[in-house]
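Input: a single structure, listed below in C-alpha cells.
The values are calculated or read from the model by the stated rules, or taken from the named source; none is laboratory data. Worth saying up front: this structure is predicted, and the values here are computed from it rather than measured. As a convention, Cβ positions derive from the backbone with ideal geometry for all residues, glycine included, and neighbour counts pool all protein chains shown.
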Amino acid sequence: MSYQLNEDQSSILDGVTTILDRLAGPQRAMELGVGAHDGRLWGALIDSGYLDVGRGPDTGALEAALVVEAIAAAGGLVAAAPTAIVAPALLDTDVGGPIALADHTGSQPVRFAPVARTVFGIDADEVVMVTDLTDDEVTAVKTSFAVPAGRIGAQAWERGERLGPGSGDLLRRWWRVANAVEQAGLLRSALALTVDYVNRREQFGHPIARFQAVRHRLAECAVLIEGTRWLSLEAAAHGAPPEAAAIACTHATAAAKHVVGETHQLTGAMGFTKEYALHVYTTRSQGLTLELGGLEAHSRSVSKSRWGTMMADG
C-alpha cells in the first residue's frame, strides 16, 4: 500500500516539522519533566494555525491526523490530538484550548486536565462540554505517564453544556482515531531509538542488530507500527466510521503493548534510564493504552460495530 502526500499535505508537514525541529524533540521533553505542558510549543502551533487544519476549507481530519502524528513522533508535550482532531468533529466553531477528554463525567484522572481550558466529558450517549475551566475545578494528580493529569470536580460538570444525543458516540469514535494516530507517532520514534541503539551496542564483537533474532523482533514491531499508522489515517480520512475507528484503536493498543515491551527489552538497562530518551515515548504510549476502557473495550466495540450488541456481549 502506498500513500502519496498532495501538495497541501506536504506543505503542512514541512511547516509543522520546521517548528518541531526548532521547539520540540525528546531532549526538550526531558528538560520540561514529568507532568509538563510545553506552552512555548503550544503557542507556536496555535499561532501558525497547524492545530486548526481540521477546520480548513481544503483540509480536514486527515491533515489534522498527519500533524498530530508528527507532533507525537517529535515528543511534543502538548494536547494536540483533542484540539486538532476531536474538537472539529464535535463543533463547527472553535473553542479555547488546550482541550482535555474524559470518558465519563466523574472524578477519574484526565490527561491534560490541569492545563485545559475546555473539557469534553461523556455522560451516557451525550457529551458535556465545560469551557473556561478554572484552577479550583481541577485537582492535579501524579501519574507515571509523562503528561499532566487531574480530576475534574462535580461543580464543573454541573455547569457544562450538553451537546445533544449521539454526541457521546461521536466523541468516542474520534477519540479512538486520535488515540491511534498518537500511538503511531510515539511508537515510530520509540522503534527508531531502539534501532539506533542495537546498531551501536556490541556483543561478541558485533552490533547486536546483526543477530537474526533481534532483526525478527524489530521487524515485527515495524509491521505493527505501520499497521497502526495506516489504520488510523484511513479511519480519519473516512470520517471515523464506528468499525474503522474501533479497529484502528484496537490494533494501536495491542501494538503499543508489544512494541513498548520489545523496545525496552532490546535496549536493556539503558532503556529504563532517564538519560535515554526512550521513556519520552513509551510512558505516554502506556497512558494511551488505558483510555476509553483500554484494549477490551476497543475490541468489544469492533464486535458490536460488525456483528451487533449480542455478539459483543457474548
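Looking for something in a helix (DSSP H, G or I), of a type outside the set (Gly, Ala, Ser) and surrounded by fewer than 15 Cβ atoms within 10 Å (Cβ to Cβ) - is there at least one such residue anywhere in region 155-166? Yes, that holds for at least one residue.
Taking the listed residues 218, 224, the one that is part of a helix (DSSP H, G or I), at pLDDT below 95 and farther than 20 Å from residue 91 by Cβ is 218, with no other qualifying. Pairs under 8 Å by beta carbon, first residue over 21 Å from residue 277 (Cβ atoms) in region 140-151, partner hydroxyl-bearing (Ser, Thr, Tyr), six or more apart or different chains? Between residues of region 140-151 that are over 21 Å from residue 277 (Cβ atoms) and residues that are hydroxyl-bearing (Ser, Thr, Tyr), the close pairs are 149/143; 150/139; 151/107; 151/139. Scanning region 13-40 for residues that are of a type in the set (A, V, I, L, M, F, W, C), in contact with a Ser or Thr (Cβ under 9 Å, 6 or more places away or on another chain) and over 15 Å from residue 281 (Cα atoms), we see that the one that is surrounded by the fewest Cβ atoms within 10 Å (Cβ to Cβ) is 19. Going through (1) modelled with pLDDT under 95; (2) touching a Lys or Arg at 6+ places or on another chain (Cβ under 9 Å) one by one, residue 104 falls short only on (2).
Right, residue 261: out of contact with any strand residue (DSSP E or B) (no Cβ under 9 Å at 6 or more places or on another chain), within 24 Å of residue 300 (Cβ to Cβ) and in contact (Cβ under 8 Å) with a residue 24 or more places away in the chain or not? Considered against the rule, which asks whether it is out of contact with any strand residue (DSSP E or B) (no Cβ under 9 Å at 6 or more places or on another chain), within 24 Å of residue 300 (Cβ to Cβ) and in contact (Cβ under 8 Å) with a residue 24 or more places away in the chain, residue 261 comes out as no.
Residues that are part of a helix (DSSP H, G or I), of a type outside the set (Val, Ile, Thr) and either modelled with pLDDT of 95 or more or under 18 Å from the mean Cα position of the chain (by Cα) (or both) within region 114-136 comprise just one, 114.
Residue 247 falls short on exactly one of the conditions (1) without any contact (Cβ under 8 Å) to a residue 40 or more places away in the chain; (2) over 14 Å from residue 281 (Cα atoms), and that condition is (1). Looking across 235, 240, 255, 246, one residue alone is surrounded by 22 or more Cβ atoms within 10 Å (Cβ to Cβ) and either outside any helix (DSSP H, G or I) or touching a strand residue (DSSP E or B) at 6+ places or on another chain (Cβ under 7 Å) (or both). It is 240. Being part of a loop (DSSP other than H, G, I, E, B), within 19 Å of residue 188 (Cβ to Cβ) and among the aromatic types (Phe, Trp, Tyr) holds for only one residue in 281, 276, and it is 276. Against the numbered list (1) of a type outside the set (A, V, I, L, M); (2) closer than 19 Å to residue 229 by Cα; (3) modelled with pLDDT under 95, residue 199 comes up short only at (2). The condition (being touching a residue at least 60 places away in the same chain (Cβ under 8 Å) and either among the charged types (D, E, K, R) or at negative phi (or both)) is satisfied by just one residue among 89, 100: 89. For region 286-301, which positions are touching a helix residue (DSSP H, G or I) at 6+ places or on another chain (Cβ under 7 Å), aliphatic (A, V, I, L, M) and within 19 Å of residue 187 (Cα to Cα)? Answer for region 286-301, where residues must be touching a helix residue (DSSP H, G or I) at 6+ places or on another chain (Cβ under 7 Å), aliphatic (A, V, I, L, M) and within 19 Å of residue 187 (Cα to Cα): 288, 295. Reported count of residues in region 256-307, each being closer than 23 Å to residue 74 by Cα and within 21 Å of the chain's Cα centre (by Cα), is 24.
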